[in-house]
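Beneath this line is the structure, given in structure tokens, with notes to follow.
The values are calculated or read from the model by the stated rules, or taken from the named source; none is laboratory data. Note that the structure is a prediction, hence the values are computed from the model and not measured. Note that we place each Cβ from the backbone using ideal geometry, even for glycine, and neighbour counts take in every protein chain shown.
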Amino acid sequence: MGRILLLFWLTISVIASALGQRVSGQVVSAVEPDGLPGVNIVVKGTNTGVITDLQGRFTIDIPLNGVLIFSFIGYRTQEVVYTGQASINVRLEEEPRELSEVVVTGYSSVLKKDITGSITSVDPDRYRELSINGVDQALQGQAAGVQVTQSSGTPGGGISVRIRGSTSIGASNRPLFIIDGIPVETGSLSGRSFGGQSDNALALFNPADYEAPQILKDASAKALYGSRASNGVIILTSKKGKRGSTRMEAEVQRGVIDPVKKVDLLNSRELLELQREAVRNAGENPDALGLIAGVTDAVNTDWLDEVFRRGIMEQYQISASGGDDNTTFYMNASYRGEEGVQLNNKFERMSFSSNLERKVNQKFTLGSNITLSRSLNKRVKGDNFLDGVYSGAIKSLPYYTPYDENGTLVWPGSPLYPGFPNFNPVAQAVLPRFDVFTTKVLASLNGTYQLLPELRLRAQTSIDYNDVTEDQYESSKTAIGGVLTSVGGRGYGIFNATTLTNFISNATLFYNKNISDRHHINVLAGTEVLQNFERSGSVQGRLFPSDDFTYIASAGIVDAGSSFRSRGGLFSVFSEVRYDFMEKILVTASMRADGSSNFGPGKKFGYFPAVSAAWRLSDEEFLSFGTISDLKLRASFGYSGNERIPAFGFLGTWSATTYNGNSGTAPGNIGNPNIRWETTQELNVGVDLGLWEDRVQATLDAYINNTSGLLLGRPYAATTGFASIQDNVGKLQNKGIELMVETVNIDRVIKWTTSINLSRNLNKVVALTDTVPLFRGYQAEGTNATNIVKVGEPLGTFIGLKFLGVNPATGDAIYDDSNNDGQINNDDAVVIGNAQPKLFGGVTNRVAYGRFDLSAFFQFSLGNKILNFANATLLNAGQDIENNQVKAALRRWRKPGDITDVPRYELGAKNNFNNLHSSRLVEDGSYLRLKNVNVGYQLSPKLADRLKLQSVRVFLSATNLWTLTRYSGADPEVSTLDGSTTAQGIDFFTLPQVRTVSVGLNASLK
Amino acid sequence: MKTRITCCIFVLVLWACDETINPKPVDLLVDDLALNEPGDVANVEIGLYSAFRGMVYNTIIAGDLTADMMLHNGTFSQYREIGIKQITSANASAAELWAGIYYTAYIANFILERLPDLPGVPTAQRQRVLGTAHFLRGYAYFIGTYTFGGIPRVTSTDFETNRNIARSDRQEILNLIVEDYGAAINTLPAQAANAGFATTLAVRAALAKLYLYTGNWAQAETFASEVINSNEFTLEPDFSDVVLTDFTSEAIFEVGYTIADDPGTLNTLFEGRREIIPSNETIIALASTESGDRFSSIAFNVLNLKGNDNGWTIRKYGTAVDDNNNIVIFRLPEMYLIRAEARAQQGRATGANSARDDVNVLRSRANAPLVGVVSQAQMLTVIENERRMELAFEGHRWYDLVRTNRATAVMTAFSPNWKDTYLLWPVPQRELQNNPALANDQNPGY
């Protein structure tokens, strides 16, 4: 019996010691001094774990000398040894995220501190609560060397992203966007022009689905993308689930949208006075032309008010993530709706994404990422369209009205608004249907197999599928459907369908080896196949029975249709070797060989090598003193390419044509079998510096990028039968300097941080063939075109006559006779400005106090010029009397002796001298803009608990609140030729940016 | 297992390589396949007509907007410059016409170089297509030399030669045209499916016009008579049918559009945008008694009357819905007018087989008063006005005024900006820049 008792006693004690003793405690942090809920606590080496409660308290069983691991997202993980204390109280420190961050560099990833190239990462917290459509918009002003311009305030509209300037004249300048290893479609998907503003493929992705975007800027960082990397690479990785309990989040955001500013236009009385003066100056009788004071100006319509509205923005999303030891998942569903400030303009997106990762066994892991997204873009015409909405509203004479006395819309032909050259913009907004439905599927399956302890194989196969359906109808009461005689006046419908599909498969081997803990070697070698397919079809119908019938099934004539398909591809092999010596000296060498279908036999393959090295000085004995926490010098050199040119330029081709009811073939272009990639040679040097335990972090980079072999349509004498031939003729240079500084100014109860980025890029055309300048942009009188590409000048250079002022005696414009030949003509046109800024950047200040946080983000651009091309119409010196004028027209010359900068108004096509294209239209486009203000409040855990929620955050976010600029148009941050490189910065009736004020709520469910 | 997986993946990838980077072009033919089998001949022939058609609409701009027929009423600077007589060497219409001439010549040269050696082509078809190439190239050069003066004489498809090629003088160009017409006159068929395709009578009409322009009155009369006497063509009883329909019974040759392939260029300019409207002088002429039914070439709408807009519209090319969008190259009345002028110049203003007979054929069709007894000088003036009314908006007026040395007098009265520089269009600036042999060879005054 005693034995039995003893045995029992022993057993109990063994069990007890295995279970350990019960201990409790509390976890706190700087932000949550009363207790940090939700902290994961695990006994090291076991499965035993608990989570802290609302007060941050926990109780856990632990053996003596056991180790407790405290972990929580955003905090440094802590280990505490249990030595029999009565309670364990822990204060978790916020993670200094910078250096320990893993940076995904495309095919592989690397610790941020080991980077040898120039890579910038943008913290998603900076844009998470902004009202943005796509992740490209999120990058605006956030990274040095990255210039992001939203071309207008059109929702879901075009956004131009330039990394380290423009590297091409003829081919694309958009960076390569890689999402989960898949190069995705960027730019416009729609095939239809809307006068300037295009749509944006990247708006189909929900920015919340992705971790921090990584921007690869120098040759070394981009080298593995070879022939597509000249314009920089932006890498996005979708969020993955993490081990632990399932985390569910819901977010609601709603707001209002208004244009930032309206152009100041004349009212009826002012305009009539001006027009009568212009007519009298031309020696005619204004009354005879129907310009009668007191009659004509009896109506005074503010057309901008008529077409503008306050838009509503709304966004809802719900996500869940979690996982266990073998499987993790993330899933998200979201809806975003953004009404444009123009009537009838709206962008809507629904997106679903899910990521799964499954560890099949110790060696084999499978993963899958799927995004499904669908948008509906209800577009309206704008910019350089006679029948645009915003453009029409600006130009419309205030004498006219949108509605008649019965409240019905006025349509062309009515004396209330006759139409041509402008059309009732309200009708142009409300009546047509321009619906663009876009469906996107981005899906991939990947597997990783550990072949040997040092050798890993990863393979992925993926698809980027985009389906665009454009459903358009312009009724018989619109300009196109009703007035255009060639259409027939009884409605006009178009139906377009385009499918763009990219298949990408790759396989990569990774090898890493550490020799004696001092030498670390990483090798990567892989191959990739990319194929793209495009199919499109369209049909056009006219002469509908009435406006109740709006689909082409009801059209009287179906007289234009087409279908097409094309394909292309890229085959590549690539390799990278990274070596470091005690993490102090780091060297990377890489190489990619690309074969592209865009080039002819013998010219298909291009090779893109790069090397880089870094020296972590702060790890050296002689520099290891307190102030400097990190100091690294970097240098890189290498080549990247641009293959994005139209297909089959190497072939002389004939395409189909018709004549007199017969089909035949006619030559399309001259082939050039020698065309090759555009190649950019890039040199980058940089310094990373951290001071006072990284309270100040700075990154400085300088670069010189020389692009050669620019693919241009080289102008050919037309006597050859052709206007141009594709050829590698030009050279461009971009050199610049970039600085990013992040500081923690105060880190007490209040935490105040500042981040600044500054960029200066000098772009210059170094060579064109034959030194013949290329004219770009719009046609204008007094010059060959509004823009020129010219050796020695940057891209985006404006030309025109040099306006010297207004002759006080005659009121006529004075232009510089630059060639002194005694007459003013196109030959006198000179460079009159440039759209490229001298300096641009952003400054973000963030202040956190307890549960409150506030951030304010300023963006600026300095020294860029804007061509206010709208003023060729809106300040036209009386060239016609069919368009309203801006308030500046009140300053016009009226009598001898007047000193002014606005010439005399005289009606008549015979004298447009005062309105020749000149520097009069070029303005300083510098601006400082409070781009975003964000205020947030985290509810206390107790309150959240009362709401049966894990955590709740409410926030208020506002964009484009305040702008400082001298630009006289509505907005300096516009560009009518959306995406153009050679003719950027033109304001040609471009819709200004919008101001969005929204409130939101984010809740984590229990 | 591992090795097998690895191998499989790499083999699959390599297999995909060739297919990936060597796709076949879709809906395109490479140069060497464009005309390498008999079936291609018809296609290339259509391509040539299509190119020629693309060139022709600018001859309407040159012939009528450069002269006093039309006014500019829109916003495009290329038309404004011509309309207000401030034409610059950068003018886009000049560049388009120039390019159209040489694009037509390129296809013609391509055919003339390759078709003779292409086996298996039926003789009749070979003859017809070679003749078409000669004829359309000749007419393109005819327009070229009377628009721009001496121009480069391009007779091959060799890019290197043609990129650096100097002007030939007008006589050399005329010689080429005579050769081309000579080659075409015996190879083109006597009749075609419709007037959209060239016939031997179209070549005769072209020769009549050529000899009229070069002052060879006897030959002009001969060829005009051959066309008139062929009895292939008859005047439409109602003139408005000439304005409003295609392929009339009097059409000798016109470029054909169907509703489906009309780019809408002229009807957009004249009716859609009303970028270009008839001048007041033209309206007065067409509204005159002598014009008769030819008034139907224009129409008035009071809603258009404002500012500089006189409210009148050119109806000639209608709207795309009207389907009268063809552009006439030659129709029977021009042959009467050529013969009338040739006869008047040869001292037969009135009398038997005289200019008056020819003019009165057109007057009576238009229900206008007949011409009575007039002097030779008066008859030439009558013919000048008759051409303006009968051939309105078919691109004749400027060429007529220049060749009869009347341009300076008429145009100075029309526009204060007129200079004799505008007796020729400028060689397009881009040609001076891109063709070294033309670099310093602009027409005088530009």
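Among the residues here, A:Leu683 does not qualify as within 27 Å of A:Ser230 (Cβ to Cβ) and either within 14 Å of another protein chain (Cβ to nearest Cβ) or crowded, with 23+ Cβ neighbours inside 10 Å (or both). Can you tell me which condition A:Leu804 does not meet? The list is (1) at pLDDT below 90; (2) assigned to a strand (DSSP E or B), and all the others hold. Among (1) at pLDDT below 90; (2) assigned to a strand (DSSP E or B), A:Leu804 violates only (1). If you go through the stretch A:809-857 and keep only what is more than 27 Å from B:Thr88 (Cα to Cα) and either in a loop (DSSP other than H, G, I, E, B) or in contact with a Leu (Cβ under 6 Å, 6 or more places away or on another chain) (or both), you end up with A:Ala809, A:Ala835, A:Gln836, A:Pro837, A:Lys838, A:Leu839, A:Gly841, A:Val847, A:Gly850, A:Arg851. Of the residues making up the stretch B:309-338, those that are more than 22 Å from B:Thr75 (Cβ to Cβ) and out of contact with any Phe, Trp or Tyr (no Cβ under 9 Å at 6 or more places or on another chain) are B:Val321, B:Asp322, B:Pro333, B:Glu334, B:Tyr336, B:Leu337.
Here is a yes/no grid of residues against (1) without any contact (Cβ under 8 Å) to a residue 40 or more places away in the chain; (2) closer than 30 Å to A:Arg174 by Cβ; (3) more than 14 Å from chain B (Cβ to nearest Cβ); (4) among the β-branched types (Val, Ile, Thr):
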| residue | (1), (2), (3), (4) |
| --- | --- |
| A:Lys632 | no, no, yes, no |
| A:Ala635 | no, yes, yes, no |
| A:Ile645 | no, yes, yes, yes |
| A:Asn660 | yes, no, no, no |
| A:Ser663 | yes, no, no, no |
| A:Asn674 | no, yes, no, no |
| A:Glu678 | no, yes, yes, no |
| A:Asp688 | no, yes, yes, no |
| A:Glu693 | no, no, yes, no |
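Might you let me know whether the stretch A:109-119 holds any residue that is within 30 Å of A:Ser957 (Cα to Cα) and touching a residue at least 40 places away in the same chain (Cβ under 8 Å)? Yes. I'm checking my understanding of the structure. Among residues of the stretch B:163-180 that are in contact with a strand residue (DSSP E or B) (Cβ under 8 Å, 6 or more places away or on another chain) and in contact (Cβ under 8 Å) with a residue 24 or more places away in the chain, which one is nearest to B:Gly63 (Cα to Cα)? Going through the qualifying residues, I end up with B:Arg167. Scanning the stretch B:220-238 turns up no residue that is within 11 Å of chain A (Cβ to nearest Cβ), surrounded by fewer than 21 Cβ atoms within 10 Å (Cβ to Cβ), free of Cβ contacts under 8 Å to residues at least 60 places away in the same chain and part of a loop (DSSP other than H, G, I, E, B). Among residues of the stretch B:149-168 being of a type in the set (A, V, I, L, M) and within 9 Å of another protein chain (Cβ to nearest Cβ), the one that is farthest from B:Val402 (Cα to Cα) is B:Ile165.
The single condition from (1) farther than 25 Å from A:Ala698 by Cα; (2) surrounded by fewer than 24 Cβ atoms within 10 Å (Cβ to Cβ); (3) at pLDDT below 85 that A:Ser151 fails is (2).
When we screen B:Glu271, B:Glu254 for residues that are surrounded by 22 or more Cβ atoms within 10 Å (Cβ to Cβ), facing another protein chain (nearest Cβ under 10 Å) and more than 22 Å from B:Ala51 (Cα to Cα), the only hit is B:Glu271.
When B:Arg80, B:Arg163, B:Arg137 are checked against the criterion of being charged (D, E, K, R) and under 22 Å from B:Asn36 (Cβ atoms), a single residue qualifies: B:Arg137.
Among the residues of the stretch A:352-390, those identified as within 25 Å of the chain's Cα centre (by Cα), more than 13 Å from A:Met331 (Cα to Cα) and of a type outside the set (Lys, Arg) are A:Ser373, A:Ser375, A:Leu376, A:Asn377, A:Val380, A:Gly382, A:Asp383, A:Asn384, A:Phe385, A:Gly388, A:Val389, A:Tyr390. Any chance the stretch A:558-565 includes a residue that's touching a residue at least 60 places away in the same chain (Cβ under 8 Å) and out of contact with any helix residue (DSSP H, G or I) (no Cβ under 6 Å at 6 or more places or on another chain)? No: zero hits. Only one entry in A:Leu500, A:Leu509 is crowded, with 17+ Cβ neighbours inside 10 Å and farther than 26 Å from A:Ala647 by Cβ, namely A:Leu509. Within the stretch A:580-614, the set of residues being surrounded by fewer than 18 Cβ atoms within 10 Å (Cβ to Cβ), touching a Phe, Trp or Tyr at 6+ places or on another chain (Cβ under 7 Å) and in a strand (DSSP E or B) comprises A:Ile585, A:Val587, A:Ala593, A:Pro609. Against the criterion of being assigned to a loop (DSSP other than H, G, I, E, B), of a type in the set (Ser, Thr, Tyr) and modelled with pLDDT of 90 or more, B:Thr313 does not qualify.
Within the stretch A:38-63, the set of residues being part of a loop (DSSP other than H, G, I, E, B) and out of contact with any Gly (no Cβ under 6 Å at 6 or more places or on another chain) comprises A:Gly38, A:Val39, A:Lys44, A:Gly45, A:Thr46, A:Asn47, A:Thr48, A:Thr52, A:Asp53, A:Leu54. Name, by its number, the condition in (1) among the charged types (D, E, K, R); (2) in contact with a Ser or Thr (Cβ under 7 Å, 6 or more places away or on another chain); (3) assigned to a loop (DSSP other than H, G, I, E, B) that does not hold for A:Asp548. So the condition that A:Asp548 fails would be (2). Scanning the stretch B:239-251 for residues that are within 27 Å of A:Arg542 (Cα to Cα) and within 14 Å of chain A (Cβ to nearest Cβ), we see that the one that is surrounded by the fewest Cβ atoms within 10 Å (Cβ to Cβ) is B:Phe247. Please determine, by comparing only the residues of the stretch B:100-118 that are surrounded by fewer than 22 Cβ atoms within 10 Å (Cβ to Cβ) and either on the phi > 0 side of the Ramachandran plot or touching a residue at least 60 places away in the same chain (Cβ under 8 Å) (or both), which one is farthest from the chain's Cα centre (by Cα). The residue in question is B:Leu118. Counted as qualifying within the stretch B:2-97 are the helices (runs of 4 or more DSSP H) with 2 or more residues that are modelled with pLDDT of 90 or more and either surrounded by 23 or more Cβ atoms within 10 Å (Cβ to Cβ) or at the interface with chain A (Cβ under 8 Å from one of its Cβ atoms) (or both), namely B:39-60, B:77-83. Screening the stretch A:395-429 for residues that are touching a strand residue (DSSP E or B) at 6+ places or on another chain (Cβ under 7 Å) and touching a residue at least 40 places away in the same chain (Cβ under 8 Å) and picking the one that is nearest to A:Thr873 (Cα to Cα) gives A:Tyr400.
Checked against (1) in contact with an Asp or Glu (Cβ under 6 Å, 6 or more places away or on another chain); (2) away from chain A (no Cβ under 12 Å); (3) in a loop (DSSP other than H, G, I, E, B), B:Ala260 meets all criteria but (2). Filtered by the rule that a residue be in a strand (DSSP E or B), farther than 16 Å from A:Gln697 by Cα and touching a residue at least 40 places away in the same chain (Cβ under 8 Å), the stretch A:725-750 gives A:Ile725, A:Gln726, A:Asp727, A:Asn728, A:Val729, A:Gly730, A:Leu732, A:Asn734, A:Gly736, A:Ile750.
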